[in-house]
Amino acid sequence: MKGESKLNRVTHDPTLMAATLACGIFLASAPAVHADFVVLKDGTRFDAEMINYNGGRKEYALTDEIGAVIRKPAKDVIEISVAPPPGLDRAEGMLKDPANFETLVPVLQKVVEEYRGRKWDIEAAGYLVEVYLKQDKTKDAIAISDEVFAHSQPRWVPAAYSRRYLDLLVKDGQAAAVRKRVDKMLLSNHPPTMAIACLVRGDVLMTEGKFKEALLEGYFRTALIYRDVRSVQAEALAKIAKCLEGLRDPRADKMRQRLIERYPNSRWANEFGG
């Protein structure tokens with residue numbers, strides 16, 4: 001059935017095996033035993049011998065040790081763990097050499113297809129984005145991300161990947177798509193994901209010249225509500241200062257000084273502190 005795949009299908013697919021052997025990322029040894037499971041919104045954990053995903057129905061099928069199948073809607077699953085694709089951990093190193101791209105891309109595309117909805121598609125797509133951007137294929141980078149995110153919880157996506165994707169949309173002029181993704185991220189109940197969403201919402205509003213809205217709906221929220229997400233605080237302060245400057249508000253200098261004092265070694269202090 002389209003959109004449904006078995007856990008070990010990637011390992012046994014002859015086309016994928018040939019491709020992975022060709023680019024040197026297939027591991028001949030058997031994968032380590034892995035305990036597959038999902039966790040639901042209510043905290044219930046289901047262990048399974050096999051986890052299938054139906055992309056059309058957006059539904060997981062969990063098969064236990066005696067072959068019984070339990071089906072769960074994807075919207076109810078907040079965590080999933082399945083065995084990784086063989087050799088995927090070597091893909092990052094291969095990205096350093098453009099000569100690998102021709103053989104690496106179809107392998108990663110196949111992983112995205114076969115592991116859809118089971119987290120490893122996100123990692124493979126992240127590597128594909130790296131390749132596409134090095135090839136100046138921004139549209140392809142956005143498209144593969146759209147495909148993967150449609151079957152993933154926002155909290156599963158690494159912060160750096162979420163930010164890169166949103167920045168690509170902003171640069172591509174896709175403000176509506178940015179807002180849609182930001183709204184979904186803000187429902188994730190995952191502070192790092194929500195903090196990035198607030199920052200990018202502020203970025204969109206600031207590019208539209210809406211400095212007050214960018215402050216209230218973006219940067220102030222990031223600095224106050226998500227103050228425990230330390231990785232974004234320097235950027236939030238820098239952009240608060242920039243917005244205040246745009247509003248001709250004298251508090252801009254105070255925010256800039258706070259940025260320098262709290263995050264003196266950050267790139268944001270170097271760019272906006274002067």
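The values are calculated or read from the model by the stated rules, or taken from the named source; none is laboratory data. Quick caveat: nothing in here was measured; it's all calculated off a predicted structure. Every residue, glycine as well, gets a Cβ built from its backbone with ideal geometry; the counts of neighbours run over all protein chains shown.
Structural remarks
- Restricting Val111, Val129 to residues that are under 17 Å from the mean Cα position of the chain (by Cα) and touching a residue at least 40 places away in the same chain (Cβ under 8 Å) narrows the list to Val111.
- The combined condition, being more than 16 Å from Val182 (Cα to Cα) and either buried (at least 21 other Cβ atoms within 10 Å of the Cβ) or in contact with a Leu (Cβ under 9 Å, 6 or more places away or on another chain) (or both), is fulfilled by Glu114.
- For Val33, the requirement of being surrounded by fewer than 18 Cβ atoms within 10 Å (Cβ to Cβ), at pLDDT 95 or above and more than 25 Å from the chain's Cα centre (by Cα) is not met.
- Test: residue in the stretch 246-264 that is touching a Lys or Arg at 6+ places or on another chain (Cβ under 8 Å), within 23 Å of Gly173 (Cα to Cα) and either in contact (Cβ under 8 Å) with a residue 24 or more places away in the chain or of a type outside the set (A, V, I, L, M) (or both): no
- For the stretch 151-161, a tally of residues being in a loop (DSSP other than H, G, I, E, B) and touching a residue at least 60 places away in the same chain (Cβ under 8 Å) returns 2.
- Filter result for the condition that a residue is farther than 30 Å from Ala141 by Cβ and within 21 Å of the chain's Cα centre (by Cα), over Lys41, Lys58, Lys72: Lys41
- Cβ separations smaller than 8 Å between residues 6+ apart or across chains give the following pairs from the stretch 67-85 residues that are closer than 28 Å to Leu108 by Cβ to residues that are among the small types (Gly, Ala, Ser): Ala74/Gly117; Ile80/Gly117; Ser81/Ala35; Ala83/Ala32; Pro85/Ala124.
- In the stretch 48-65, the residues that are touching a residue at least 40 places away in the same chain (Cβ under 8 Å) and exposed (fewer than 15 other Cβ atoms within 10 Å of the Cβ) form Cβ pairs under 8 Å with partners that are of a type in the set (A, V, I, L, M) and part of a loop (DSSP other than H, G, I, E, B), at six or more places apart or across chains, as follows: Gly56/Met1.
- Residue check for Ala143: of a type in the set (Gly, Ala, Ser), surrounded by fewer than 16 Cβ atoms within 10 Å (Cβ to Cβ), at pLDDT 95 or above and part of a helix (DSSP H, G or I): yes
- Tabulated pairs, the stretch 205-227, first under 16 Å from Ala238 (Cβ atoms), second of a type in the set (A, V, I, L, M, F, W, C) and in a loop (DSSP other than H, G, I, E, B), C-beta under 6 angstrom, 6+ apart or interchain: Phe211/Leu247
- Single condition Leu16 does not satisfy, out of (1) within 20 Å of Lys119 (Cα to Cα); (2) modelled with pLDDT of 95 or more: (2)
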